[in-house]
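Right, one structure below, let's go through it.
What follows draws every value from the coordinates through simple rules; no lab data is involved. This structure is a prediction, so every number in the text was calculated from the model and none was measured. Backbone-built Cβ (ideal geometry, glycine too); neighbour counts: all protein chains shown.
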């Protein structure tokens, strides 16, 4: 497997700005940083492959109740609002344990590319390395 590291990858979860305004508040997950933001939706009873990436770390912000997340050997259920840090090279997987689809906003730090994916388990018989639908 090739190593894809071309941009800085934080070793730990970056600090998150929590800003209060008269109307409420907002959280700032990346401030003038180079990131890739994706919205993942997993249907009930489905899950992503157990995978890792050499080129990026990921911060997952859970938007819906019913997210089941594995990071290395730790598996936990998360509800809306939870934040999960996934360091580069960590094995991780998102599953939907609820009756409705679960959405997770992914903020990826580093070089986002599907070619650096390493799959350890996959329910859909996709290749162990690289991009696959």
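Using only alpha-carbon positions in the chain, the gyration tensor eigenvalues give semi-axes of 24, 20, 11 Å once each is multiplied by 5 and square-rooted (largest first).
Of the peptides 101-113, 43-55, the ranking by mean beta-carbon count within 10 Å, highest at the top, reads 101-113, 43-55. Label sites at residue 99 and residue 15, each approximated as a point 7 angstrom past Cα along Cα to Cβ, lie 4.4 nm apart. Computed over the range 17-121, relative contact order equals 38 percent, with contacts defined as Cα pairs under 8 Å that lie 6+ residues apart.
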